[in-house]
Amino acid sequence: MRQLYTALLFVTFGMIISCNGGGNGTDPDTTPPTVVFTNPNDDQTGVPIGANITITFSENMNAATITTANITVSGGVTGTVTYGDKRATFNPSGELEFDSLYTVTVGTGVKDVAGNSLAQAYVWSFRSFSINTPPVVVATNPTNGAGDAPVTVNVTATFSKDMDPATINGTTFSINHGVTGTVSYNNKVALFTLDDYLAYDTVYTATITTGVTDTLGNAMEQNYSWQFTAEPVTITDGQEFFPMADGDTWYFTNDTGLQVTRSVQGDTTFSSVNYKKIVENGVPTEAWGFSGEGFELRMLAGLYRLDPPLTIPLDLVKNVIFYDTTHAFERGNDTAYFEITEELRFTGYVTKDVPAGHFDDVIRLSYDLGGYFEYYARGVGLLDNEDYVLDSAYIGGVWYRP
């Protein structure tokens, strides 16, 4: 009797669990799918006549229901429909008509993988591109507001339509600050190829005028301009601008018209640091070297010695001020000195002509906020510091001379 009572109890308990939704079963999916995104969008205009139409659903769909019977386009448009990753794509059999309104309908025949249909048909419309629609600029390089455009950048503008190449030229595509270059066009892209580097850290404005037209003669409705800034310039390889191998020789004319010869002749040491000895007109006058701070200059002759040495950092950013402070001690008297403080700025790369030749990529250093300038050429060194001008040089086995 007890066994029968126990058995009945288990049966009754199991029925209660079953009636209350217990056990390992799950509720069936009864939520209808929805359309969450379309391309083109509702009421979009200027849609390319060769565009595909895509519909993105809220969940995985039954691919067998994603058909041209359930996704239709007005105007008798035919095509094929494919499906993958919650997205249906309607690929028209041919191009759409220009400047036409189209309505797309996703019917309730589409179903999710659980068999749920759309709650109601999803309908939206768009208008195709007009043959008379003016062209517009849809992309640029550099982009508007770019702050680090390479100084060698070739500037481009991409149009919304095929353009008449004859209308895209140096008159209709220009860059301010007198920038010159060659303008060309291919596959909706106008290209401005620079004749020379842009100026570092400079804001430029590029302009496409209404003189450009598409292949049907439609002009832009208004000029299109955008701005970008050329990259800030940094010296990170400054050691190349200060050659100092034994035998390197420079021939200058100083500001009084005298000829001055400087050459690197052997080594000297300060505070256990090795420097190269610079001989000027036969007299050792300076010591050059490199440290973690940069290029260092010490005095070997004259009334004063410098401590610490005068320093030009090897990592300079344009127009960032570097303060160089040293003390000029009387030789043999460490109690007699005066302080020297200079404000040094790297003002960019320039070209420079001196009697020794024409040099590109010359760094210009400004001292005391423009009090005077020094010019150094890569692999050659000092060209001009307003006291000395380079007539010729023999550096690394190479002559630089007129």
Whether any residue in region 100-110 is assigned to a loop (DSSP other than H, G, I, E, B) and β-branched (Val, Ile, Thr) is what I want to check.
yes
Which condition from (1) over 43 Å from the mean Cα position of the chain (by Cα); (2) under 28 Å from ALA114 (Cα atoms); (3) surrounded by 11 or more Cβ atoms within 10 Å (Cβ to Cβ); (4) at pLDDT 95 or above is the one that ALA64 breaks?
(3)
How about region 36-50: which of its residues are surrounded by fewer than 17 Cβ atoms within 10 Å (Cβ to Cβ) and either aliphatic (A, V, I, L, M) or on the phi < 0 side of the Ramachandran plot (or both)?
VAL36, PHE37, ASN39, ASN41, ASP42, GLN44, THR45, PRO48, ILE49, GLY50
Looking at region 360-394 only, could you name the residues that are more than 20 Å from GLN239 (Cβ to Cβ), modelled with pLDDT of 90 or more and aliphatic (A, V, I, L, M)?
VAL389
Members of region 230-262 found to be polar (S, T, N, Q) and in a strand (DSSP E or B), listed by number
THR234, THR249, THR253, ASN254, GLN259, THR261
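Results for (1) crowded, with 19+ Cβ neighbours inside 10 Å; (2) touching a residue at least 40 places away in the same chain (Cβ under 8 Å); (3) part of a helix (DSSP H, G or I), shown as yes or no for each residue.
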site: GLU221; (1), (2), (3): no, yes, no
site: PHE228; (1), (2), (3): yes, yes, no
site: VAL264; (1), (2), (3): yes, no, no
site: ASP267; (1), (2), (3): no, no, no
site: ILE278; (1), (2), (3): yes, no, no
Tally the residues that are touching a Gly at 6+ places or on another chain (Cβ under 9 Å) and more than 16 Å from THR209 (Cβ to Cβ), restricting the search to region 136-180.
3
Would you confirm, using the coordinates I've provided, whether GLY25 is modelled with pLDDT under 95 and not in a loop (DSSP other than H, G, I, E, B)?
no
Checked region 132-145 for anything assigned to a strand (DSSP E or B) and more than 16 Å from THR193 (Cβ to Cβ); matches are VAL137, VAL138, ALA139
Counted residues in region 97-143 being within 30 Å of THR234 (Cβ to Cβ), surrounded by 14 or more Cβ atoms within 10 Å (Cβ to Cβ) and in contact (Cβ under 8 Å) with a residue 24 or more places away in the chain come to 2
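Of the residues ILE131, ILE55, which is closer than 30 Å to ALA219 by Cα and out of contact with any His (no Cβ under 9 Å at 6 or more places or on another chain)? Even if it seems obvious, please write down each step before you answer.
On the way: ILE55 fails: closer than 30 Å to ALA219 by Cα.
Checking each option against the conditions leaves just ILE131.
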Looking at region 305-318, can you tell me whether even one residue there is more than 24 Å from LYS277 (Cα to Cα), part of a strand (DSSP E or B) and not β-branched (Val, Ile, Thr)?
yes
Can ARG331 be described as assigned by TED's automatic domain parsing to the domain that holds TYR275, at pLDDT below 90 and either at negative phi or not aliphatic (A, V, I, L, M) (or both)?
yes
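The values are calculated or read from the model by the stated rules, or taken from the named source; none is laboratory data. Model, not experiment: these values are computed from the prediction. With ideal geometry, Cβ positions are generated from the backbone for all residues, glycine too; neighbour counts draw on all protein chains shown.
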